[in-house]
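Heads up: the structure comes next, in structure tokens.
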Amino acid sequence: MAGKRYIRWSYLALLTCLVATVGDLASLAVFARLYPAYNPRLQPISALGASGSPIALYVSGWWVLLGLVFLLFSYAYGKSNFLHHPAQKISAWLIGVYAIGEEVGSGLFPGNHLAGHLTLTGIIHNVIGGIGVIALVAIPFVLMRKYSRAVDAAFNRFLLLISVTGILFFMLFSISRLALPEMHFLRLWHGLWQRFFIANYYIMLVVIAAKQVMESKVK
């Protein structure tokens, strides 16, 4: 069993992970109801906080707050690393990059458009948000070094599944952004592909946080 200090950090990591992930997903449904003109199936999440949205200020503030919770999760997950495994340390940093890039960054720099083109804040939004997304996608690959097939074959397969489905949803989201006639059916689900992508990785974050709690109490 790990020391009590590590157990407390692992519980804090799980708590903050649940608050951040569930809060983020639940808020999307709430914000969609507060913005009747918004179509969650078709439009990306960034439209909720962009100029023209009647709730943009509230959404941006909420994203910044969520980013801070994600940062706390990142810190707690890193501090719960009682085995001092480098893969977990790197993963904690990647969670922090996601928190700053995709959450805090999206709140501070809305994805605004003007005359059909991205504004400066919109460009910054895409760049730092993209960095955050890359960090999120990298997490399962990094953790597969800690949970290798030789150490934990079942969990290694879970991380691989998360990676495959995550990349698939990201590809569908990216392709559906293109105004191609033959991709019209994908375009109709543009917003949902993004939500499936996020939910996929949020499931992973909750699972790794819960696994850390169980490991800290056993090993």
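The values are calculated or read from the model by the stated rules, or taken from the named source; none is laboratory data. As the structure is a computational prediction, the values presented were derived from the model and not from experiment. Note: ideal-geometry Cβ built from the backbone for every residue, glycine included; neighbour counts use all protein chains shown.
Below is a table of values for the structure above.
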{"item": "Residue within segment 169-186 that is surrounded by 14 or more Cβ atoms within 10 Å (Cβ to Cβ), within 24 Å of Ala13 (Cβ to Cβ), hydrophobic (A, V, I, L, M, F, W, C) and modelled with pLDDT of 95 or more present", "result": "no"}
{"item": "Ala32 being closer than 16 Å to Trp63 by Cα, surrounded by 18 or more Cβ atoms within 10 Å (Cβ to Cβ) and in contact (Cβ under 8 Å) with a residue 60 or more places away in the chain", "result": "no"}
{"item": "Odd one out for Phe109 among (1) surrounded by 20 or more Cβ atoms within 10 Å (Cβ to Cβ); (2) touching a residue at least 24 places away in the same chain (Cβ under 8 Å)", "result": "(2)"}
{"item": "Boolean, Gly191 is touching a Lys or Arg at 6+ places or on another chain (Cβ under 9 Å) and either under 20 Å from Ser148 (Cβ atoms) or at pLDDT below 95 (or both)", "result": "yes"}
{"item": "Selected residue (criterion: surrounded by the most Cβ atoms within 10 Å (Cβ to Cβ)) from residues of segment 35-51 that are in a loop (DSSP other than H, G, I, E, B), in contact (Cβ under 8 Å) with a residue 40 or more places away in the chain and of a type outside the set (A, V, I, L, M)", "result": "Gly49"}
{"item": "In segment 112-141, residue surrounded by the most Cβ atoms within 10 Å (Cβ to Cβ) [restricted to those that are of a type in the set (Gly, Ala, Ser) and over 17 Å from the mean Cα position of the chain (by Cα)]", "result": "Gly122"}
{"item": "Exclusive hit being at pLDDT 95 or above and buried (at least 19 other Cβ atoms within 10 Å of the Cβ), set Tyr77, Tyr6, Tyr11", "result": "Tyr77"}
{"item": "The listed residue being closer than 19 Å to Met204 by Cα, modelled with pLDDT of 95 or more and out of contact with any strand residue (DSSP E or B) (no Cβ under 8 Å at 6 or more places or on another chain), out of Val97, Val64", "result": "Val97"}
{"item": "Qualifying residue in segment 183-200 (condition: within 22 Å of Ala76 (Cβ to Cβ), among the aromatic types (Phe, Trp, Tyr) and assigned to a loop (DSSP other than H, G, I, E, B))", "result": "no"}
{"item": "Selected residue (criterion: nearest to Ile45 (Cα to Cα)) from residues of segment 59-74 that are surrounded by 16 or more Cβ atoms within 10 Å (Cβ to Cβ) and small (Gly, Ala, Ser)", "result": "Ser60"}
{"item": "So Ala153, is it aliphatic (A, V, I, L, M), over 21 Å from Val64 (Cα atoms), modelled with pLDDT of 95 or more and exposed (fewer than 14 other Cβ atoms within 10 Å of the Cβ)", "result": "yes"}
{"item": "Residues of segment 114-152 classified as in contact (Cβ under 8 Å) with a residue 24 or more places away in the chain and touching a Ser or Thr at 6+ places or on another chain (Cβ under 7 Å), total", "result": "6"}
